[in-house]
1. Among (1) modelled with pLDDT under 95; (2) touching a helix residue (DSSP H, G or I) at 6+ places or on another chain (Cβ under 9 Å), where does Leu54 come up short?
2. Answer with yes or no whether Glu141 is under 20 Å from Gly51 (Cα atoms) and acidic (Asp, Glu).
3. Go through (1) surrounded by 15 or more Cβ atoms within 10 Å (Cβ to Cβ); (2) closer than 16 Å to Glu105 by Cα; (3) at pLDDT 95 or above; (4) of a type outside the set (D, E, K, R) and name the single condition Gly82 misses.
4. Name the single residue, out of those in region 153-204 being surrounded by 14 or more Cβ atoms within 10 Å (Cβ to Cβ) and hydroxyl-bearing (Ser, Thr, Tyr), that is nearest to Glu138 (Cα to Cα).
5. List the number of the failed condition for Asn178; all other conditions in (1) under 13 Å from Gly64 (Cβ atoms); (2) free of Cβ contacts under 8 Å to residues at least 12 places away in the same chain; (3) not in a helix (DSSP H, G or I) hold.
6. Among the residues of region 181-204, which ones are under 21 Å from the mean Cα position of the chain (by Cα) and either among the acidic types (Asp, Glu) or in a loop (DSSP other than H, G, I, E, B) (or both)?
7. Suppose we filter region 120-134 for residues that are in a helix (DSSP H, G or I) and buried (at least 22 other Cβ atoms within 10 Å of the Cβ); how many remain?
8. Of the conditions (1) surrounded by fewer than 22 Cβ atoms within 10 Å (Cβ to Cβ); (2) assigned to a helix (DSSP H, G or I); (3) in contact with a Cys (Cβ under 8 Å, 6 or more places away or on another chain); (4) not polar (S, T, N, Q), Leu70 satisfies every one except a single condition; which number is it?
Amino acid sequence: MAKKARSRPQAVLFARQSPEQAWATRRSVCVFCGSNEGDDPQFVRAAEGLGAALAREGLGLVYGGGSFGLMGVIARATIKAGGHVVEIIPASLCSREKPPADLHELVITTSMHARKQTMFDRSSAFVALPGGVGTLDETVEQMTWMSIGHHRKPIIFLNVAGYWDPILTMFDRMQARNFLGWDVEIGVVRRAAEVIPAIEKYWDEESRYLVTTAPAMSEMIEDAIDEWDPTLFASINSA
């Protein structure tokens, strides 16, 4: 019996290219999660449920790529339910991480740092499913960017079976000891069905802010260079 040919992504882009135009203005949710499935079947069910919910609500999925673990689970679930999926992966991992069948967009970046920036640029909200240090790193970085005013996009922890409880307790401790500002707002839900309502509630409350693609870091640097006054530097240097 002949093997079924793997469907290729509809678009393969490098980070400097523009996203597929039909989806450029659609709100998408970036999901951070493990490249393993963990030790509790509830983790897989939550990933499947969230993927189906994103597709049902017309929200795209942005994720870190590959077919392994919860990352593969949510990508396949979103595609199966008719949703749009964007995989963003550094070139160094392309040989190790195979994209799921019927993927819509595969975006290849030059580094892990560029990957995270591109995921940010392509997303209007962030969700943390259970995962390891990579998941925690990516989610906390979005909290850091919120703390310095770089964005006002919702950050939701899907706390399946209390997985994130120790981390959430640590965040509370950071705030109580004045190391984490109260302006860093995160949402915490326990069921996949609660994620999108929590995101939409935040969008409604923050409607005075633009929840669209924020300026890429390169654009921010270019703006800073344009505004730089070399005479000021010269006067400081000669003081």
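The values are calculated or read from the model by the stated rules, or taken from the named source; none is laboratory data. Please read all numbers here as calculations on a predicted model, not as lab measurements. Cβ coordinates were reconstructed from backbone atoms using ideal geometry, including for glycine residues, and neighbour counts include every protein chain displayed.
1. (1)
2. So Glu141 fails the test.
3. Looking at each condition in turn, Gly82 falls short on (1).
4. Tyr163
5. In the conditions (1) under 13 Å from Gly64 (Cβ atoms); (2) free of Cβ contacts under 8 Å to residues at least 12 places away in the same chain; (3) not in a helix (DSSP H, G or I), Asn178 misses (1) alone.
6. Asp183, Val184, Glu185, Ile186, Arg190, Arg191, Glu194, Glu200, Asp204
7. 1
8. Exception for Leu70: condition (1).
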